[in-house]
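Step one of this worksheet: look at the structure below.
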Amino acid sequence: MAKLDVLVVDLQDVGTRTWSYVSTTIFAMRAAKTAGKRIIVLDRPNPIGCAMQGPILDTAFSSMIGPLPVPLRHGMTMGELMRFANAELGIGADLVVVPVKGWHRCEWFDETGLPWVPPSPNLRDLDAVAWYPGTVLIEATNLSVGRGTDEAFREMGAPWLKTPREAYGYPNGDTLEHVTFTPHAPGDGKYDGVSCAGVRFWRNNRRYAGGPILEVIRVLRLLAQSNRDSLRVDSSMMTTRFGRAWNADSALAWASDQRALAAFRIRVRPYLLYL
């Protein structure tokens with residue numbers, strides 16, 4: 001850092017709290033503060049718009065994949081998150097955010113006219129990013145989330161999974177289809193080369209009012225009922241992703257706490273850059 005004049009950060013966020021680029025940039029801000037250097041964040045659109053959904057992180061469970069007390073789907077840009085972090089975490093860095101020109105905060109990426117570049121090998125398109133705030137929770141189970149396939153983070157399954165069609169009598173049930181898929185060299189090591197029965201969230205159905213987090217929790221609860229002897233949840237891993245101590249019975253209520261989200265929206269107003 002002593003050899004630098006300024007530190008420039010240009011990283012794409014995906015609109016979900018469980019994204020290590022956010023932690024990396026916070027670490028960079030702290031290093032810049034210690035070295036007495038300016039840090040410049042080149043902002044980019046939030047690809048899934050301005051919706052704020054899901055539980056707000058309990059700071060007792062802060063981690064590399066969840067450093068900030070923001071909702072699971074935070075509705076902010078990288079620059080706004082860093083303005084929030086710089087003040088709320090007391091970093092006090094010499095932070096400059098270069099805003100995006102011509103973008104409105106509730107626009108999705110496919111409304112910008114910009115070319116899509118996958119922010120991760122497993123988030124290949126905007127549909128995967130749209131479901132990611134919900135399907136990232138599946139990583140804390142013994143279900144595959146589709147890593148090693150073309151539909152990662154848009155499907156879930158396992159060789160032993162029972163998916164009774166009659167179980168899907170819940171709101172927005174038309175977002176699912178029954179599928180089989182076979183992961184090949186998945187990064188999480190789950191079911192490599194093994195055919196998995198599962199469900200896939202449809203494309204072009206990503207802006208419905210319920211949101212991906214509530215939808216995935218509903219599906220996970222239904223699958224747990226029909227796979228009681230097989231489905232496992234790593235409570236510690238789930239807690240780091242969900243943002244508070246995991247309790248399957250209370251998850252839906254916590255994820256849909258509108259009073260907490262309303263208070264958060266007021267709290268972050270000073271840090272927002274876009275209308």
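The values are calculated or read from the model by the stated rules, or taken from the named source; none is laboratory data. Since the structure is predicted, the reported quantities are computational estimates derived from the model, not experimental observations. Glycine gets a Cβ as well: all are built from the backbone with ideal geometry, and neighbour counts include every protein chain shown. Calculation scope for accessible area: heavy atoms of the full protein, side chains included, ligands and nucleic acids excluded. Shrake-Rupley method; radii C 1.70, N 1.55, O 1.52, S 1.80 Å.
Taking the mean number of other Cβ atoms within 10 Å as a proxy for protection, how do you rank 234-240, 223-229 from highest to lowest?
Details: 234-240: 16.0, 223-229: 13.7.
Sorting 234-240, 223-229 by mean packing, highest first, produces 234-240, 223-229.
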Hypothetical label at Ser236: residues of region 64-108 whose amide nitrogen lies under 18 Å (7 Å Cα-Cβ projection): 64-66
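For the chain, give the magnitude of the charge dipole about the Cα centre (Cβ charges: +1 Lys/Arg, -1 Asp/Glu; no others), in debye to the nearest 20.
Computed about the Cα centre, the dipole is about 600 debye.
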Mean projected area in nm² (Cα convex hull; one quarter of hull surface) for the chain: 14.9
Zone of Met1's modelled label, taken as backbone nitrogen in region 78-99 under 14 Å from a point 7 Å along Cα→Cβ: 91-95
Estimated dipole of region 52-109 in Debye, rounded to 20 [Cβ of Lys and Arg +1, of Asp and Glu -1, Cα centre]: 180
Relative contact order (percent, whole number), region 176-275, Cα cutoff 8 Å, 6+ residue spacing: 17
Leading residue at positive end of dipole, the chain (Cβ point charges), from Ala263, Phe61, Met76: Ala263
In region 58-122, trypsin sites (Lys or Arg not before Pro) in a DSSP loop with at most 10 other beta-carbon atoms within 10 Å: Lys101
Inter-site label distance for Asp94 and Ala245 at 7 Å from Cα along Cβ, in nm: 4.4
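With helices defined as uninterrupted DSSP H runs, which ones in the chain have an alpha carbon span along their own long axis of at least 18 Å and mean Kyte-Doolittle hydropathy of at least 0.5? Before the final figure, lay out each step's value.
Working: long enough: 20-35 (22 Å, 0.45); 212-226 (21 Å, 1.07).
Within the chain the helices that satisfy the rule are 212-226.
So how many Å³ per residue does the convex hull of the Cα atoms of region 215-275 work out to? Each step should come with its number before you reach the end.
On the way: hull volume 7.0 nm³, N = 61.
Once divided by residue count, the hull of region 215-275 is 115 Å³.
Would you mind working out the accessible area per residue for the chain, using a 1.4 Å probe, and quoting it in Å²? All intermediate terms of the calculation are to be shown ahead of the outcome.
On the way: 12230 Å² over 275 residues.
Per-residue value: 44 Å².
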Region 55-199, relative contact order in percent, only Cα pairs under 8 angstrom and at least six apart counted: 15
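Multiplying the sequence separation of Leu275 and Ser20 by 0.36 nm and subtracting their Cα-Cα distance, what value in nm do you get?
Full extension of this stretch gives 89.2 nm more.
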Point-charge dipole on Cβ atoms (K/R +1, D/E -1) for region 3-114, about Cα centre, debye to 20: 340
Unit charges at the beta carbon, dipole of region 189-258: most positive-side option, Ala224, Asn247, Val199: Val199
Stokes-Einstein translational diffusion, region 1-135 - Kirkwood Rh over all Cα pairs, 0.890 mPa s, 25 °C, in µm²/s: 160
